[in-house]
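What follows is one structure encoded as structure tokens, with my remarks underneath.
What follows is calculated from the coordinates using simple rules that are stated; it is not laboratory data. The model shown is predicted, which means the values in this text are computed figures rather than measured ones. Cβ placement follows ideal geometry from the backbone for every residue including glycine, while neighbour counts extend to all protein chains displayed.
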Amino acid sequence: MTIDWRYTVEDNFGILSVAGYLGPDAVRRFTGAVGWALARGTGPVVVDLTELRSWSAEGQLAITEAARRLKDAGRSLELAAIPADGSLVPTGDGPPIPVHTDLAAALAVHGPERAEQVEGRHEWRTTGWPAGKQAGE
């Protein structure tokens, strides 16, 4: 099993929504999605895990590596709605990773003006991502 993803660029940050199971077989696809976010946005990247069913130790390490890649590019990574199993991304020598209870809480940190910026929004997704579902819904 793998993941599907959608990357939405807002004015001053990006939202990388991930659905499925972030296990060993999906790490490469997740790494590619992070590369897509690096190439097409600026500012922090909020990784929305609302639709993620679960993640493995390898998936958690991929999150940590993504935070390092973003930090090297002068950006940061935040998590929203971690899986219900209660596991967290490992801490250690990597950059700090803020964790928000859900996507709404993460978006609130980035300002209430977000709703007014819909016109400038850009979005990319894998073919498996449900069409019509917007970031934050």
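Some notes on this structure:
- Remark: relative contact order (region 1-96) = 28 percent; criterion is Cα-Cα distance under 8 angstrom and separation of 6 or more residues.
- Simple spin-label estimate for Ala105 and Asp93 gives 3.1 nm between the two label positions (7 Å along the Cα-to-Cβ direction from each Cα).
- Antiparallel beta bridges, as assigned by DSSP with both residues in region 1-60, represent about 45 percent of the total such bridges.
- Simple label model, 7 Å out from Cα along Cβ direction - Thr42 to Glu58, nm: 3.7 nm
- Label-reachable residues, region 37-67, where backbone N falls under 13 Å from a point 7 Å from Trp124's Cα toward its Cβ: 37-42
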